[in-house]
Amino acid sequence: MIKHILLSLLVLASTSLFSQIVYTDVNPDLTLEAVSSDSYAVDFDADANIDLIIYESEIDTNLSGFVLTFIGGVVNTIGNSEVVGVDSLIFGSNVLFVDTIGAGELIDGSSSFINSGMPSVFAGAGLKVTATSLGTSLGEFQGEVDGYIGAKFNISGNDHFGWVRVNIAEDCYSLIIKDFAYESASNTGIIAGDYGGTGLVGFNSLNTSSVILNQQNRIINLSNLNEPVTFEMYNLIGEKIYEQDCYNSSNIYLENFKSGIYLIQIFSSFEKQTFKIYID
């Protein structure tokens with residue numbers, strides 16, 4: 001008998017078998033305010049050793065002879081911890097910024113990491129800051145609703161990778177910390193937004209009547225679509241290995257793909273849904 005398994009159920013089964021992700025929900029979401037210099041300590045593995053400190057603050061600094069006030073979110077790395085980011089030059093001075101990681105992107109050893117020990121005009125790496133005298137905001141988290149901080153930290157001498165999901169106000173005066181997760185298997189990458197459950201956090205549900213995987217025949221069926229969508233399939237190192245435009249009802253044939261875990265993205269002109277599946 002052919003089994004038709006809802007994709008979401010398959011994802012649940014596959015993650016319980018193959019995922020070693022430890023997820024922490026900051027509940028309720030925590031708002032940090034610059035006016036009170038609020039901060040939050042991230043301890044990924046709850047071992048009482050802080051890995052990151054995220055804070056909102058107003059910082060007066062000297063930038064090539066100009067005194068500027070930076071207002072916004074900053075990340076301090078603790079010990080051997082690092083975050084995915086860039087080392088920028090502004091008016092000849094080093095300024096560290098955290099890179100925006102999109103949901104579904106892989107965070108691993110090939111990512112570009114920075115740490116608070118590197119020279120910068122303020123202690124740590126900026127998420128998004130406003131330079132009052134310049135009248136503009138700086139940083140990679142421009143306009144982000146849900147942005148992911150990619151991180152690397154150490155457990156017993158081994159590297160582990162994780163993410164923190166934040167929401168930053170347009171005026172930079174506050175940010176919200178929502179949740180974080182890490183991969184408990186050492187030297188193993190993690191997908192931003194993957195929390196070990198079904199799908200990824202931070203995505204809307206695509207308006208489809210059914211997304212069904214026929215595991216025996218290796219077919220994914222999309223039916224009753226309200227509008228055309230694009231189906232994309234990625235391996236776990238982030239390479240896109242398949243793409244197909246789908247209309248109303250479409251089949252995606254998987255017989256040529258090897259067994260393993262894959263990331264699936266299905267998106268329309270205004271929504272996107274991401275799944276992690278296991279092909280047997």
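The values are calculated or read from the model by the stated rules, or taken from the named source; none is laboratory data. Fair warning: this is a prediction, and the values are worked out from it, not measured in the lab. Virtual Cβ from ideal backbone geometry, glycine too; neighbours counted across all protein chains shown.
Key figures
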read-out: Strands (runs of 3 or more DSSP E) (entirely within segment 204-274) containing at least 3 residues that are at pLDDT 75 or above and surrounded by 14 or more Cβ atoms within 10 Å (Cβ to Cβ); value: 219-225, 229-234, 240-246, 250-253, 260-267
read-out: Search result, residues across segment 174-192 that are of a type in the set (Gly, Ala, Ser) and either assigned to a strand (DSSP E or B) or crowded, with 24+ Cβ neighbours inside 10 Å (or both); value: Ser174, Ala181, Ala192
read-out: In segment 88-111, the residues that are farther than 20 Å from Asn235 by Cα, at pLDDT 85 or above and either hydrophobic (A, V, I, L, M, F, W, C) or out of contact with any Asp or Glu (no Cβ under 6 Å at 6 or more places or on another chain) (or both); value: Leu96, Phe97, Val98
